[in-house]
Amino acid sequence: MLYLFLIYRATVYALNFRSLFSAHRLIFHHTQHAGFKNDLAFVLTNHYTVYLGIFFIVLIGVLSLIGLFKRSNYLTNCLLWFTIVNTNNFLYPTLTAGDYLLNQLLFFNIFFSITNSNNNSVQDVKTIFHNVALVGIKVQICLAYFLAGWFKLTDADWLEGMAVYQTFQLPEYSNALLQNIPQSICMILAYATLVYQLLFSILIWVRPFKIYLFAFGIIQHLIIAFGMGLFSFGIIMIICYILFLKYDYSPTNFADGAEKEICED
């Protein structure tokens, strides 16, 4: 799902190349240097040419296809993360919160694939990195929801249940269907969203609640994606739900390269 989304993203970049990457693009940049380490995230910005922009778009597409066909490794996933971080920094005015989460997801994705090794110690290290990365991105998602809910508690519009209704009345983030939703329904949605975000990081670990959390979350993010026009944000959040499906991946015999995957959900 992640690699399919990035292929879609590369296609969008290509179709909107004139607006985003051409010499007459709508985004203004100026070169600035903040030390070698930080500059690695701004290679595209600080050294931009049209040909470099084309190269980055093609690279995203190629690396995503490699991942889609399960041929990725630590190097290709690291390069993909580096490319997306640079591209996002270059296109910063167009970003949503989902793009910043995408940066984190791609970083942890570097360590998700476990390739078998004849050396048990090496295999153990790879497994540890995999498990730490999986926990890391889950914690990121839980924090994203909890902090979003926490800061809503300081917003009078959310506490009064008016935030969703007011958002649906903005032409930039709505359409005729959403604008006609009664205020009472919007109020219910506002409080439901607030409770969902505050409790997600707790209830997601309780198996009986998972299906209800996923159902509400998917509907919510589909509305955000297709109703409010924040497509990337909505789809990225839905992709993250996959990480909370319960599974057990255990290479049982490293010498023989045997693998066993038990899907419980």
Report summary line: Cα gyration tensor of segment 129-212 diagonalised, 5x eigenvalues square-rooted, in angstrom largest first, produces semi-axes 30, 14, 13
Query raised in the report: Using a probe of 1.4 angstrom, how much of the accessible area of the chain is carbon and sulfur, in percent?
Result: 68
Query raised in the report: Can you count the Lys pairs in the chain whose Cα atoms are under 19 Å apart, with each pair 8 or more apart or on different chains?
Result: 8
Query - Rg to Rh, two decimals, where the chain supplies the alpha carbon set and Rh follows Kirkwood - result: 1.00
Report task. Please state, as a whole number in µm²/s, the translational diffusion coefficient that the Stokes-Einstein equation yields for segment 86-155 at 25 °C and 0.890 mPa s, with Rh defined as the Kirkwood radius across alpha carbon pairs. Result -> 172
Query raised in the report: Which whole DSSP H helices in the chain pass both tests: a Cα extent of 30 Å or more along the axis and a mean Kyte-Doolittle value no lower than -0.5?
Result: 120-152
Query - Protein-only accessible surface order, largest first, of 157, 39, 99 at 1.4 Å - result: 157, 39, 99
**Report entry** Sites residue 131 and residue 192 - FRET efficiency at Förster radius 25 Å, r taken between beta-carbons, to 0.05
**Finding:** 0.15
Report summary line: To the nearest 20 debye, the chain has a Cα-centred charge dipole, built from +1 on Lys and Arg Cβ and -1 on Asp and Glu Cβ, of 360
**Report entry** Mean-position separation - Cα centroids, segment 190-206 and segment 13-29, in angstrom
**Finding:** 39
Query raised in the report: Roughly what % of Cα-Cα distances in segment 43-92 sit above 14 Å, to the whole percent?
Result: 50
Report summary line: Per residue, accessible area of the chain with a 1.4 Å probe, heavy atoms of protein chains only, in Å², comes to 56
**Report entry** Structure-based [θ]222 nm, the chain - -39500 (n - 2.57) summed over DSSP H runs of at least 4, per residue, nearest 500
**Finding:** -20000 deg cm²/dmol
Requested in this report: Run the 1.4 Å probe and let me know the accessible area of residue 69, rounded to the nearest 10 Å².
Outcome: 130
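The values are calculated or read from the model by the stated rules, or taken from the named source; none is laboratory data. Being a predicted model, the structure only gives us computed values, none of them experimental. Cβ atoms come from the backbone with ideal geometry, glycine included; neighbour counts cover every protein chain shown. Quick note on the areas: whole protein, heavy atoms, side chains included, nothing else; ligands and nucleic acids left out. Shrake-Rupley method; radii C 1.70, N 1.55, O 1.52, S 1.80 Å.
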